[in-house]
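Student: One structure, as structure tokens, below. Some questions next.
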């Protein structure tokens, strides 16, 4: 009798799983990924971007970043440029939002001027790199509609392949295909399709490490633009969590004294 | 125990202080295409400037000292060969306030064509005719940070006089400015203590600033009849009057539109007047599927003193196009014109810049004066001064 109950409840579960549509499954994975990455509160990072043009000529940018987790909306971030030396001290403050336009301010140290800038260029290049503003801004569940495609292997690891459609109307992409690691719930690879639905860029994320016993962060990102032949490597040199930042570290006053 | 040692090492390896030098050296050459109005002026000017910056930071970034001296040598203009301390200040950050003491530069406002609201720092006019370069201003600045905005209080204990090109310099007034014989309205002269207060806040798409200044105006008036200076050259003498100025600056950021306005009321020398700048900047992002952006800028410049205005922009229109390539070299070009609506005076400008090596930046600037009305005393002195300037900056 007990066995029958167990068997039938298993059947019910299997039935529920079968009834789940590809969209529901895609969303469930995104929600799980978001849930696993919650509670990091704040982080401080240092990173280096290596830009390569189609001839392979390189230029670099060194960047420091601070970010504050905001529940129920996009995060707040402050980005400071150390190199190229002519833009040293230039700082960028961003309040990201899931579906409406972000709020962005730029601090120009030579003029001591804080400029509110338009955030309509979410699809524009970040610091001349192959990363756009929307690629580097915080990933929120509501930013996309999801569709599970298949289970697969990538680099010997089990992954979910998920299609996601940006919901922000000024996104530079019509769709993205992500290869999401089943253990970490972090993407190993993302393909970006432009407004004409052709493959524009491929991002791969490498050298994942676990921080604060919970949060997986990549050590290296490789973005290749298939249409221009340009590429950008983003090296994350350090991550530091729970620095005790508050919204006070992300206002126009802190922007003016960002170093 | 071992764990504790490791932890201590980890903590110590994160620096709680920083001590760093940076800065730039720039080589500049300026070519004037037309013959000068005066025989004491030249057609080619070479110049070198040096601006190091020292930052010492401690208290986990809550305190720092910044020191930015500046020095320029000019081939012909002895007044342009000059030095200044742009910044030498101490900063202390508190939870809900910030204190800054020392020589500093402050910028207020939103417009591109002129900066009416921005009155704290004196203009270092020998550096450039656009007035964007400023002298370091001694100040005590206390900022109170609230949910309803930031209130900045300023005590400005010392006045800096404006710099002017020398007899051998170009882009100067026809009569040379005699900076050795200066008159002040206040009997305290340069030691008059000025005060200012400013409130700034962001509300959604809106950024707002409201300010009041009480002290000696940074913009001098001039004696109307020329007199001999210490070297026997016929010159005009600057007069610095006391003023009260209230200013409002507003920006609305609506998608690709930036709507901007600055309005001031200034009471000075028994007179009161209003002036304003208002306009927009609209950007076409990623034009023709490229990474380039093209921005259109338009601003209207107004001064209700009309022809009695002490600036040449009393009823003028500024139009500009900004091209940003968003490439790895940060290539950008700004082409603009300021046109007087009442006469044929036009001031054209081109500014282009590009990084040409990892630490090297090339900047080209050109200005063209056309149809300058002879009764426009300020601009008519520049009527022969069309120029192209090439600057190569090395950054370290």
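The values are calculated or read from the model by the stated rules, or taken from the named source; none is laboratory data. Computed from a predicted model, the values in this text were never measured in an experiment. Ideal geometry is used to build each Cβ from the backbone, glycine not excepted, and the neighbour counts take in all protein chains shown.
Student: Looking only at residues in the range A:31-81 that are outside any loop (DSSP other than H, G, I, E, B), farther than 24 Å from residue A:130 by Cβ and touching a residue at least 60 places away in the same chain (Cβ under 8 Å), which one is nearest to the other protein chains (Cβ to nearest Cβ)? Write out each step before concluding.
Tutor: Looking only at the range A:31-81, we keep the residues that are outside any loop (DSSP other than H, G, I, E, B), and these are A:31-36, A:42-52, A:58-68, A:76-81.
Next, only the ones that are farther than 24 Å from residue A:130 by Cβ stay: A:31-32, A:34-36, A:42, A:44, A:68, A:76.
Keeping just the survivors that are touching a residue at least 60 places away in the same chain (Cβ under 8 Å) gives A:31-32, A:34, A:36, A:42, A:44, A:68, A:76.
Values: A:31: 29, A:32: 32, A:34: 26, A:36: 26, A:42: 15, A:44: 10, A:68: 16, A:76: 13 Å.
Ranking the qualifying residues of the range A:31-81, first place goes to A:44.
Student: Of everything in the range A:226-255 that's assigned to a strand (DSSP E or B) and at the interface with another protein chain (Cβ under 10 Å from one of its Cβ atoms), which residue is surrounded by the most Cβ atoms within 10 Å (Cβ to Cβ)? Write out each step before concluding.
Tutor: Step one: list which residues in the range A:226-255 are assigned to a strand (DSSP E or B), which gives A:231-241.
After this cut, where a residue has to be at the interface with another protein chain (Cβ under 10 Å from one of its Cβ atoms) as well, the list is A:232, A:238, A:240.
Details: A:232: 25, A:238: 12, A:240: 14.
Per the stated criteria, the residue is A:232.
Student: Of all residues in the range B:135-148, how many are outside any loop (DSSP other than H, G, I, E, B), surrounded by fewer than 22 Cβ atoms within 10 Å (Cβ to Cβ) and within 14 Å of chain A (Cβ to nearest Cβ)?
Tutor: Filtering the range B:135-148 down to residues outside any loop (DSSP other than H, G, I, E, B) leaves B:137-146.
Imposing the further condition that a residue be surrounded by fewer than 22 Cβ atoms within 10 Å (Cβ to Cβ) reduces the set to B:138, B:140, B:142-146.
Right, trim to within 14 Å of chain A (Cβ to nearest Cβ) and you get B:142-146.
Of the residues in the range B:135-148, 5 are outside any loop (DSSP other than H, G, I, E, B), surrounded by fewer than 22 Cβ atoms within 10 Å (Cβ to Cβ) and within 14 Å of chain A (Cβ to nearest Cβ).
Residue-wise test of (1) within 14 Å of another protein chain (Cβ to nearest Cβ); (2) within 16 Å of residue A:192 (Cβ to Cβ); (3) assigned to a strand (DSSP E or B); (4) touching a helix residue (DSSP H, G or I) at 6+ places or on another chain (Cβ under 8 Å).
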residue	(1), (2), (3), (4)
A:110	yes, no, no, no
A:114	yes, no, yes, yes
A:120	yes, no, no, no
A:128	yes, no, no, no
A:153	no, no, yes, no
A:161	no, yes, yes, no
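Student: Can you go through B:301, B:296, B:242, B:234 and tell me which one is more than 12 Å from every other protein chain (Cβ to nearest Cβ), touching a residue at least 40 places away in the same chain (Cβ under 8 Å) and surrounded by fewer than 16 Cβ atoms within 10 Å (Cβ to Cβ)?
Tutor: Numbers: B:301 fails: surrounded by fewer than 16 Cβ atoms within 10 Å (Cβ to Cβ); B:296 fails: touching a residue at least 40 places away in the same chain (Cβ under 8 Å); B:242 fails: surrounded by fewer than 16 Cβ atoms within 10 Å (Cβ to Cβ).
Unique residue meeting the criteria: B:234.
Student: Answer yes or no: is there a residue in the range B:113-134 that is under 25 Å from residue B:374 (Cβ atoms) and assigned to a strand (DSSP E or B).
Tutor: Among the residues of the range B:113-134, not one is under 25 Å from residue B:374 (Cβ atoms) and assigned to a strand (DSSP E or B), which makes the answer no.
Student: Take residue B:84 and decide whether it is away from every other protein chain (no Cβ under 14 Å), part of a loop (DSSP other than H, G, I, E, B) and touching a strand residue (DSSP E or B) at 6+ places or on another chain (Cβ under 9 Å). Don't jump to the end; show me each part of the working.
Tutor: Numbers: away from every other protein chain (no Cβ under 14 Å): yes; part of a loop (DSSP other than H, G, I, E, B): no; touching a strand residue (DSSP E or B) at 6+ places or on another chain (Cβ under 9 Å): yes.
For residue B:84, the condition - away from every other protein chain (no Cβ under 14 Å), part of a loop (DSSP other than H, G, I, E, B) and touching a strand residue (DSSP E or B) at 6+ places or on another chain (Cβ under 9 Å) - is not met.
Student: Quick test of your reading of the structure: residue B:151 fulfils all but one of (1) in contact (Cβ under 8 Å) with a residue 40 or more places away in the chain; (2) surrounded by 20 or more Cβ atoms within 10 Å (Cβ to Cβ); (3) assigned to a strand (DSSP E or B). Name the failing condition by number.
Tutor: All conditions pass for residue B:151, except number (2).
Student: Any residue in the range B:159-169 that is part of a strand (DSSP E or B), more than 18 Å from residue B:249 (Cβ to Cβ) and modelled with pLDDT of 95 or more? Talk me through it step by step, then tell me what you get.
Tutor: Of all residues in the range B:159-169, those part of a strand (DSSP E or B) come to B:163.
Narrowing the set further to residues that are more than 18 Å from residue B:249 (Cβ to Cβ) leaves B:163.
Still in the list and also modelled with pLDDT of 95 or more: B:163.
Yes, because at least one residue in the range B:159-169 is part of a strand (DSSP E or B), more than 18 Å from residue B:249 (Cβ to Cβ) and modelled with pLDDT of 95 or more.
Student: From B:46, B:102, B:61, which residue is surrounded by fewer than 18 Cβ atoms within 10 Å (Cβ to Cβ) and within 14 Å of chain A (Cβ to nearest Cβ)?
Tutor: B:61
Student: Pull up the range A:82-106, narrow it to residues that are within 13 Å of chain B (Cβ to nearest Cβ) and part of a loop (DSSP other than H, G, I, E, B), then point me to the one that is farthest from residue B:253 (Cα to Cα).
Tutor: Selected residue: A:84.
Student: Scanning for something at pLDDT 95 or above, surrounded by fewer than 20 Cβ atoms within 10 Å (Cβ to Cβ) and in contact with a helix residue (DSSP H, G or I) (Cβ under 7 Å, 6 or more places away or on another chain), does the range B:68-87 turn up at least one residue?
Tutor: no
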